1. Using alpha carbons only, how many angstrom separate the centre of the range 220-271 from the centre of the range 521-541?
2. In the range 74-200, if the dipole is taken from +1 on Lys/Arg beta carbons and -1 on Asp/Glu beta carbons about the Cα centre, which of Val84, Leu147, Pro115 is farthest to the positive end?
3. With each pseudo-label sitting 7 Å past Cα toward Cβ, what's the His96-Lys401 distance in nm, one decimal?
4. Using the Karplus equation 6.51 cos²θ - 1.76 cosθ + 1.60 (θ = phi - 60°), what ³J(HN,Hα) coupling, rounded to whole Hz, does each residue of the range 105-111 give in order, writing x for Gly and Pro?
5. Could you tell me which of rounded, prolate or oblate describes the range 474-530, using a ≥ b ≥ c as the square roots of the eigenvalues of the alpha-carbon gyration tensor, with rounded for a/c under 1.5 and, failing that, prolate when a/b is larger than b/c and oblate otherwise?
6. Treating only the Cβ of Lys, Arg, Asp and Glu as charged (+1, +1, -1, -1), what charge dipole size does the range 470-561 show about its Cα centre? Round to the nearest 20 debye.
7. Taking the Cα centre of the chain as origin, sum charge times position over the Cβ atoms of Lys and Arg (+1) and Asp and Glu (-1), and report the length of that vector in debye to the nearest 20.
8. In sequence order, what are the phi-derived ³J(HN,Hα) couplings for the range 201-210 according to the Karplus relation 6.51 cos²θ - 1.76 cosθ + 1.60 with θ = phi - 60°, rounded to whole Hz, with x for glycine and proline?
Amino acid sequence: MEFKKLFALALMSSSLLTQAQDWKNTPVPADPGQGKKWELQKGYSDDFNYNGKNAQFRSNWRDAYFHSWTGPGLTQWQSDHSDVKGGNLIISASRHGANRVNCGVVTSKTKVIYPIFMEARIKVSNLELSSNFWMLSEDDKREIDVLEVYGGASDVWFAQRMSTNFHVFERGAGNRILSDYNDQNHVTLPNNELWRNKFHTFGVYWKSPSEVYFYIDGKQTKDGSWAQSDMFDKDYTRRKMDKNRFKMDKPVFMIIDTEDHSWRSEQGIVASDADLKNPNKNKMLVDWVRTYKPVKSNDTKPTPKPDPVVVNPGSGSNTKPNLNFVSPKNNATLARGKNIEVAINASDNDGIANVKLYLNNKFVRQENVTPYTWGETNQNDGILKNMKSGNYTLKAVATDKKGATSEKVIRFTVTNGTVRPTRPTPVNNNQLVANGLYSIKNPFEDQAVLARELENYNAQMVDVGSYTDQQWIFTHLGNNVYTIKNSRNNRYLEVPFGGCGNGENVSTWREASQNHQKWKVIKNGRYYALMPLHCTAQALDRAGGLFDANLITWAYNPSNNNQKWEINGTAKGLKVLGDTDARTFEIYPNPAQVDQSVTISGIALGQVAVVYNVAGQVVKTVSEATTETLVVDVTGLSAGMYFVKVGNQAAAKLIIE
């Protein structure tokens with residue numbers, strides 16, 4: 001009898017979930033793929049429209065972590081710090097003993113794996129603690145963080161920035177961490193609004209082991225996908241992760257919690273007793289969680305042939321949205337190998353719900369908010385990159401918030417013409433370094449200058465690798481004075497506050513309008529020296545000549561090896577062509593994208609092409625040429641600077657973005 005009651009209650013709860021979904025009018029922002037639709041996974045979805053942790057709650061969730069760990073830092077996860085009330089899952093926090101914190105945690109009872117879309121609508125707590133929505137494999141080796149934010153941080157910088165993260169762990173005996181490969185992407189709201197002020201949706205489309213995309217408030221983030229992430233072990237081995245070896249490929253539990261992080265509490269950044277007692281601050285609210293899998297659609301309707309304009313005005317007097325292509329233009333002619341950037345204007349009195357883009361009737365992606373763009377550098381639209389020769393159609397479909405749709409089709413042609421790289425041209429014959437992308441390397445150690453968030457964007461020496469934060473954009477201002485901008489974070493090399501003396505720290509800043517953010521470059525024998533323009537008696541210096549040294553300024557001395565630099569990107573053991581040097585072969589496109597091929601033209605029959613990284617290591621070899629061109633597949637290479645050597649000729653730079 002008791003079993004029958006429980007079964008009936010569970011059946012009723014499942015029925016209520018199906019009938020009363022709070023997310024009913026919120027479309028899934030990711031596309032399930034051609035011929036597929038999204039199917040709700042009830043075991044990982046909940047609208048929390050009930051009170052207490054009843055049978056419906058316990059059929060899907062456990063109010064504890066999935067094993068015996070009690071939490072990071074000062075965290076003490078407690079079952080009585082989670083509840084369901086007022087249509088929300090409530091994750092609360094309170095003081096535990098003298099300095100620890102009780103925190104709520106809720107975990108899915110079973111694991112999920114790709115392909116899957118997971119999303120939650122959350123209002124984060126107003127505490128120094130972190131509010132989190134994340135996934136972790138049972139062996140603690142794969143982690144996806146969809147939401148991590150210090151909602152009530154007294155340092156408002158953190159309260160304005162939530163982050164998405166990946167972690168890939170290597171572990172030893174006793175689950176000891178051997179490596180923690182990770183990357184973090186910060187997301188801010190318009191006008192730097194605080195994330196705690198209202199509810200937001202946080203989602204992830206885990207499409208495959210190498211395809212993971214994040215969605216905030218219904219829009220895919222421009223940065224932070226698995227493909228864009230530079231997975232680096234900052235704390236243990238200082239190595240970069242091999243994405244061919246490690247992927248996001250293990251089943252995971254879904255976790256919602258609040259927690260303390262030791263890197264903050266060890267600095268004295270802790271939740272106050274007053275805040276922990278304040279019911280308006282100490283709660284994280286979850287309106288709903290939903291999970292979908294892409295399944296085969298039963299809709300067998302044929303795909304309509306593209307027409308210039310097709311309108312479905314809907315019912316009543318609802319009019320179609322206004323829709324037009326900004327770029328590319330209709331009947332445009334483009335060169336082979338080019339990436340297509342698409343921009344669309346769409347408007348309607350009822351508001352635009354979404355705009356979908358198709359290339360030759362193949363779905364590209366849906367945009368839910370302006371600007372409606374595809375194919376930009378930070379967007380994962382591989383179908384629009386490295387275009388092959390042929391005739392193409394682009395179709396845009398705009399839908400307003402009452403269901404009316406408009407379609408617009410344009411056509412363009414990709415020709416057999418090749419895209420030759422435009423070599424940077426010096427401003428004058430005395431310019432020492434052509435405008436472009438370089439590493440700044442120590443000639444005597446295999447280390448180069450890097451600036452990353454981990455060290456608060458200070459400049460320091462790190463082992464040479466294909467890291468974008470180890471690459472610098474030199475822009476000539478005249479008289480061999482340059483701005484030097486980091487390729488990854490877009491911050492400029494500077495001497496903070498214009499200090500002019502021995503031992504001044506060298507860091508980076510968001511702009512380069514002052515002289516202490518500009519650098520005079522001079523030749524010193526076969527090397528270069530860099531002087532801050534505000535104080536040219538000083539030079540960029542490796543502090544004490546140490547390995548992993550911080551960078552400082554010191555009185556310039558041409559004999560000081562700590563002030564000698566290679567800024568021509570020379571790889572170890574290779575002679576590298578300068579940007580203006582004559583050569584017999586060309587590489588195009590250059591820069592190239594990480595997911596495309598490049599062509600080498602002007603080579604002799606039988607010659608072999610070899611690709612090196614900036615450390616001088618061979619990363620790819622292409623077999624003997626049977627024509628005057630070779631195609632090099634660079635899809636397995638991460639973004640960075642490489643060198644291509646053909647036969648006995650000096651190597652040429654190849655930039656992969």
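The values are calculated or read from the model by the stated rules, or taken from the named source; none is laboratory data. Small disclaimer: the values here were computed from a predicted structure and weren't measured. Here the Cβ is made from the backbone with ideal geometry for all residues, glycine too, and neighbour counts use every protein chain on show. Each accessible area value is taken on the protein alone, full model and side chains, heavy atoms only, with ligands, DNA and RNA left out. Shrake-Rupley method; radii C 1.70, N 1.55, O 1.52, S 1.80 Å.
1. 38 Å
2. The listed residue farthest towards the positive side: Val84.
3. The modelled label-to-label distance comes out at 4.3 nm.
4. 8, 10, 10, 5, 6, 10, 9
5. Oblate.
6. The calculation lands at about 300 debye.
7. With Lys and Arg at +1 and Asp and Glu at -1, about 1420 debye.
8. 9, 10, x, 9, 9, 8, 7, 7, x, 10
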